[in-house]
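Down below is the structure, laid out as structure tokens.
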Amino acid sequence: MSGVPASGADQGTGAGSGAGVGPGAGVGLPRRVVVLAPGKINLSLAVGAVDARGYHVLETLFHAVDLAETVTVVPADELSLTVDSAVPGEIPLDGRNLALRAAEQLRAEHDVSVGAELHIRKEVPVAGGMGGGSADAAATLVALDRLWGLGLSEAQLRAHAARLGADVPFALRGRTALGRGNGGDLSSVLTAMHPTWLLAVPGGHLSTPEVYRRHDEIAAARGRTLTPEPRIDPRQLEALASGDLELLGRTLHNDLQDAALALHPGLEPVLAAALREGALGALVSGSGPTIAVLVADQAQARGVAAALQSAGLVESCLIAEGNAPGARVLEES
């Protein structure tokens, strides 16, 4: 099915604030909306000092992959959520779920008097550092904007996204972008590359707050003072602009990686094995534990995956293409 860019949301049927919207309340409102939003990896993640709000200052290079989440919404009297997952892991179905939080936020702030049935088809590893929950939230914002006829602008959608989490605005945007601050201050990065990635899922779980705590402990033990202005390697931007896969592989970097390796002993053998098999580069994605392995093509991805699985180092492997588009409408009827 052909996709409609999420930016089309500001051209919606426009029910203003959405007051009193609901099934049959607006002429021409859809009865079903399906939206796709991408998972992500962090090609680089530079972690700085803690700011006045208690958050680490970041500079990161977000990179969307075509391993995606699909959210379907239909009108209902109340809000409800069901999930169909192609990947293992516990998925909350209550207020901890970002998709439900996105729906509640829209409903509360735009005076929406009805609900919706939300269904998520998950393909992004659960709690794997790839932003699956953030993709769910981004897709939900776009889908309910259409379903409820809110007619929100891109700027309004971004503002809602930013309040839900640092990765949600990027899931709306997609492609490749430089994130600063807590990651939500985004600027586009020029690249024509669609690199192939092997996403190695080693099993287990890492708590993002715990990874950051261990990162700070390691920095202190090494006598390293965290800078208020962290910076990624500028050569990575050059690699993306020029299409240099080898340079991209050499510049993959994650300041949280040492902390993730310390907390999850199973990660380092995966990284080492992938590089032994000829991968162009590999790193822990975000706070982990998913390992993103840069390969030359799908054939090499399958070869590295076979080696990792035969050695019993991973639970599963997924192959994805990078520089994928952001949240977009697949179907509206």
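Only the coordinates and a few stated rules stand behind these numbers; no lab work does. All values reported here derive from a predicted model rather than from experimental measurement. Backbone-built Cβ (ideal geometry, glycine too); neighbour counts: all protein chains shown.
Reported value for region 112-208: 141 Å³ per residue, from the convex hull of its C-alpha atoms.
Normalised by the residues of the chain, what does the relative contact order come to in percent, with Cα pairs under 8 Å and at least six apart?
Working: 841 pairs, mean separation 93.8, N = 333.
Worked out over the chain, it gives 28 percent.
Computed across the chain, the Kirkwood hydrodynamic radius from all distinct Cα-Cα pairs reaches 20.3 Å. Taking loop as defined by DSSP and a crowding limit of 12 other beta carbons within 10 Å, which trypsin sites (Lys or Arg not before Pro) in region 188-228 fit? Qualifying residues, ordered by number: 222, 224. When only Cα pairs below 8 angstrom with a gap of at least 6 residues are kept, region 196-321 shows a relative contact order of 43 percent. Taking all Cα pairs closer than 8 Å and separated by 6 or more residues, the relative contact order of region 53-161 comes to 36 percent.
By the Stokes-Einstein formula, at 1.306 mPa s and 10 °C, region 66-145 with its Kirkwood radius over alpha-carbon pairs has D equal to 126 µm²/s. Kirkwood-type hydrodynamic radius, region 196-321: 15.3 Å, calculated from all non-identical alpha-carbon pairs. Between the exposed loop cleavage positions of the chain, defined as GluC sites (Glu not before Pro) in a non-H, G, I, E, B DSSP state with at most 10 neighbouring beta-carbon atoms within 10 angstrom, the longest gap is 91-333.
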